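Working notes, structure below.
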Amino acid sequence: MIAKGKVWKFGNNIDTDAIIPARYLTTSDPQELACHCMEDADPKFITKMKTGDIIAGGENFGCGSSREHAPIAIKAAGISCVIAKSFARIFYRNAFNMGLPIFESRELFEAIKEGEEIIVDSVSGTITLASKNKTFNINPIPPFMEQLIADGGLMKHIARK
Amino acid sequence: MGNTITEKILMAHTDLKKITAGQLINAKVDIALGNDITAPIAIKEFKKAQGKKVFDKDKIALILDHFTPNKDISSAQQCKFIRKFASEQQITHFYEGGQVGVEHALLPELGIVLPGDLVIGADSHTCTYGALGAFATGVGSTDLAAAMLTGELWFKVPQSMKFVINGKMPKWVSGKDLILNIIGRIGVDGALYQAMEFTGETISKLPMAGRLSMANMAIEAGAKNGIFAPDAITTQYVENRAKRPYKFYCSDADAVYSDTIEIDASKLEPQVAFPHLPSNVKGVSKAGNVKIDQSLIGSCTNGRIEDLRIAAQILKNHKAASHVRLIVVPATPFIYKQALQEGLLEIFLNAGAVISPPSCGACLGGHLGILAEGERAIATTNRNFVGRMGHPKSEVYLASPAVAAASAVLGRIASPAEL
């Protein structure tokens, strides 16, 4: 995939309660969840972001609760992908299982300012920050996870098998 | 080269003869768990994949414990949706109403999860069952859907970190204080993707309730699972609960660990995790004057009878401070009844407590004890993230039942030794 969008920067340990607070988990409707995406990290986020934008997180993005509502809310809000220094384990699984593209890059987070535009190319494994003429490498995705993406998520992967 | 207990349990659930950390495997699942928040998505995915019948109706647990007793119409709808599925599929372990308890207290209590099991749950605190010597880990709803359909799931075999805990724990120090101290040392991603294996002479004497509290919070250090080698304490806990065979595994002497951390439990005092991370830990004597509005005693971390007994011991002949709302949540109906029979509920009522039905509600800011803007709670729960128990500008401090009870009486974060 190739994603081009403006970056919204968040810090370390962004937990799934911040991504989608439990008070909204009385539904699993993606569009309703999207309305509250990142609300407890930045209450105005959903009004500022545009379809195709990219979230950049620090260490341990998506820690805490296993709620798959978190990647669902991010995807339904129109975020094209999440790039973080590192991801919490369950969020990482959930994103691949349900089809939210996520990438690890330690360098990008330090180099980029909020609002700058980047191009993410998962095929070449690079992120380009055009304004500064810089390119960063994405950590390679394990082959099994690549297969999950190619099949369109875990359930389709199982069906194919 | 030997194997850890985590590797051995994972291997026993595959056809493989050898297993190493980092390896990707497909393993058979003994119990797959979902609750009223996570199961609806799993059921939808199950149906979308043309699932007709679950792989084994006896190996799935559906527990309606989060927004129950139903807090509003939409949570009632979610429960209704799961109830219909459970009925269609004749799910054996379906619990709601007067039978339901907080899932991670209920499943061990009923002997549904046992030593040597491989348990997955669409709830991050599924790691609690590691206390029994099981491999148990939290996953998402799609993972639960896949497990309900096929009885298997993919796993990356984790590396293991060993925690060797020795020394006699001082008065009022509990399993909760040990795990808070560990998370404070290694951080909220200190065990990311790894197994946390707890050993040492302190652990070999630690009662099951303390082990369950510790394994419960392994996820707060980023771990895949927390685990204890089963022993006589495990046997005592499971022998009258188990309705099927179980197996004890233990790590080989030459098993490989990514790190070994030694802790002297005799030097610890009760611990408190300050907002807004479970790793923001201090000894209670260094808490300073932190006035509280609410004290919550309960949850999958600390809602067991042993926890309630400690709280009652401190609250007996005391009253919660007039500005503190004290909420006690027995984690299961059985614990509730035990607390009634032992006279603990009367002590709580005399202390001015509200006794809640078993529910996860207050812990995750769902219902039954929400915080307003600017309010502070001390809680025996496991998370103190921004907005965890209510308003994004409220605060949660994590501690043991002893500290939560003493704090309720003194109206500020306090050690039971002050009473």
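The values are calculated or read from the model by the stated rules, or taken from the named source; none is laboratory data. What you see is a predicted model, and the numbers here were worked out from it, not measured in a lab. Note: ideal-geometry Cβ built from the backbone for every residue, glycine included; neighbour counts use all protein chains shown.
Looking only at the stretch B:60-75, count every residue that is outside any loop (DSSP other than H, G, I, E, B) and either buried (at least 18 other Cβ atoms within 10 Å of the Cβ) or more than 10 Å from chain A (Cβ to nearest Cβ) (or both) and tell me the total.
Matching residues across the stretch B:60-75 total 5.
How many residues are part of a loop (DSSP other than H, G, I, E, B) and either touching a Gly at 6+ places or on another chain (Cβ under 9 Å) or acidic (Asp, Glu) (or both) if we restrict to the stretch B:76-112?
Counting residues in the stretch B:76-112 that are part of a loop (DSSP other than H, G, I, E, B) and either touching a Gly at 6+ places or on another chain (Cβ under 9 Å) or acidic (Asp, Glu) (or both) gives 4.
Being surrounded by fewer than 24 Cβ atoms within 10 Å (Cβ to Cβ) and at pLDDT 95 or above narrows it down to one residue among B:Gly210, B:Gly167; which is it?
It is B:Gly167.
Tell me the residue from A:Met98, A:Met1 that is touching a residue at least 24 places away in the same chain (Cβ under 8 Å) and more than 10 Å from chain B (Cβ to nearest Cβ), please.
A:Met1
Collect the residues in the stretch B:365-389 that are closer than 18 Å to B:Asp65 by Cα and touching a Leu at 6+ places or on another chain (Cβ under 8 Å), keeping them in residue-number order.
B:Gly365, B:Gly366, B:Gly369, B:Thr380, B:Thr381, B:Asn382, B:Arg383, B:Arg388, B:Met389
Just checking, how many residues over the stretch B:237-266 are touching a helix residue (DSSP H, G or I) at 6+ places or on another chain (Cβ under 8 Å) and either free of Cβ contacts under 8 Å to residues at least 12 places away in the same chain or of a type in the set (Gly, Ala, Ser) (or both)?
Here the count works out to 3.
Quick one: would you say B:Lys57 is under 25 Å from the mean Cα position of the chain (by Cα), surrounded by fewer than 24 Cβ atoms within 10 Å (Cβ to Cβ), more than 8 Å from chain A (Cβ to nearest Cβ) and basic (Lys, Arg)?
yes
State yes or no: is B:Ala379 touching a residue at least 24 places away in the same chain (Cβ under 8 Å), surrounded by fewer than 24 Cβ atoms within 10 Å (Cβ to Cβ) and either more than 9 Å from every other protein chain (Cβ to nearest Cβ) or among the aromatic types (Phe, Trp, Tyr) (or both)?
The answer is no for B:Ala379.
Can you list the strands (runs of 3 or more DSSP E) found entirely within the stretch B:142-261 that contain at least 1 residues being of a type in the set (Asp, Glu)?
The qualifying strands (runs of 3 or more DSSP E) are B:152-156, B:195-199.
So is B:Val139 under 15 Å from B:Leu62 (Cα atoms), free of Cβ contacts under 8 Å to residues at least 40 places away in the same chain and either of a type outside the set (Ser, Thr, Tyr) or at the interface with chain A (Cβ under 8 Å from one of its Cβ atoms) (or both) or not? Before the answer, list the steps.
Numbers: under 15 Å from B:Leu62 (Cα atoms): yes; free of Cβ contacts under 8 Å to residues at least 40 places away in the same chain: yes; either of a type outside the set (Ser, Thr, Tyr) or at the interface with chain A (Cβ under 8 Å from one of its Cβ atoms) (or both): yes.
Yes, satisfied.
Among the residues of the stretch B:269-292, write down those that are surrounded by fewer than 23 Cβ atoms within 10 Å (Cβ to Cβ) and touching a Leu at 6+ places or on another chain (Cβ under 7 Å).
Residue satisfying the conditions is B:Val281 alone.
I need the full set of residues from the stretch A:105-142 which are within 14 Å of chain B (Cβ to nearest Cβ) and either in contact with a helix residue (DSSP H, G or I) (Cβ under 9 Å, 6 or more places away or on another chain) or assigned to a helix (DSSP H, G or I) (or both), in order please.
Residues satisfying the conditions are A:Arg106, A:Asn139, A:Ile141.
Quick one: how many residues across the stretch B:188-218 are more than 14 Å from chain A (Cβ to nearest Cβ) and among the aromatic types (Phe, Trp, Tyr)?
Narrowing the stretch B:188-218 to residues more than 14 Å from chain A (Cβ to nearest Cβ): B:197-215.
Checking which are among the aromatic types (Phe, Trp, Tyr) leaves us with B:198.
So the answer is 1.
Checking B:Ala122 against (1) within 15 Å of the chain's Cα centre (by Cα); (2) under 17 Å from B:Ile37 (Cα atoms); (3) hydrophobic (A, V, I, L, M, F, W, C); (4) more than 9 Å from chain A (Cβ to nearest Cβ), only one condition comes out false. Which one?
(4)
Which of the residues that make up the stretch B:89-119 are more than 19 Å from B:Leu10 (Cβ to Cβ) and under 14 Å from the mean Cα position of the chain (by Cα)?
Listed by number, the residues that qualify are B:Gly101, B:Val102, B:Glu103, B:His104, B:Ala105, B:Leu106, B:Leu107, B:Pro108, B:Glu109.
Limited to the stretch A:4-27, what total is found for residues that are in contact with a Ser or Thr (Cβ under 8 Å, 6 or more places away or on another chain) and facing another protein chain (nearest Cβ under 10 Å)?
Summing the residues that are in contact with a Ser or Thr (Cβ under 8 Å, 6 or more places away or on another chain) and facing another protein chain (nearest Cβ under 10 Å) in the stretch A:4-27 gives 6.
Just give me the residues in the stretch B:14-37 being surrounded by fewer than 24 Cβ atoms within 10 Å (Cβ to Cβ), within 14 Å of another protein chain (Cβ to nearest Cβ) and in contact with an Asp or Glu (Cβ under 6 Å, 6 or more places away or on another chain), in sequence order.
Matches in the stretch B:14-37: B:Asn26 only.
Inside the stretch A:1-89, counting only helices (runs of 4 or more DSSP H) that do not spill past its ends, which hold 2 or more residues that are closer than 29 Å to B:Thr137 by Cα?
Details: elements: A:16-19, A:30-34, A:45-48, A:69-77.
Qualifying helices (runs of 4 or more DSSP H): A:16-19, A:30-34, A:69-77.
Please specify each residue of the stretch A:36-58 satisfying the condition of being in contact (Cβ under 8 Å) with a residue 40 or more places away in the chain, farther than 24 Å from A:Glu110 by Cβ and not charged (D, E, K, R).
Hit for the stretch A:36-58 is A:Cys37, nothing else.
May I ask you to verify whether A:Lys75 is more than 14 Å from chain B (Cβ to nearest Cβ) and either within 27 Å of B:Ile120 (Cβ to Cβ) or surrounded by fewer than 20 Cβ atoms within 10 Å (Cβ to Cβ) (or both)? Before the answer, list the steps.
Working: more than 14 Å from chain B (Cβ to nearest Cβ): no; either within 27 Å of B:Ile120 (Cβ to Cβ) or surrounded by fewer than 20 Cβ atoms within 10 Å (Cβ to Cβ) (or both): yes.
No: the conditions fail for A:Lys75.
Could you tell me whether the stretch B:356-375 includes any residue that is among the aliphatic types (A, V, I, L, M) and away from chain A (no Cβ under 14 Å)?
So far as the stretch B:356-375 goes, no, none of its residues is among the aliphatic types (A, V, I, L, M) and away from chain A (no Cβ under 14 Å).
Assess whether B:Ala49 counts as being more than 23 Å from B:Ile227 (Cβ to Cβ), touching a residue at least 12 places away in the same chain (Cβ under 8 Å), small (Gly, Ala, Ser) and within 10 Å of chain A (Cβ to nearest Cβ).
yes
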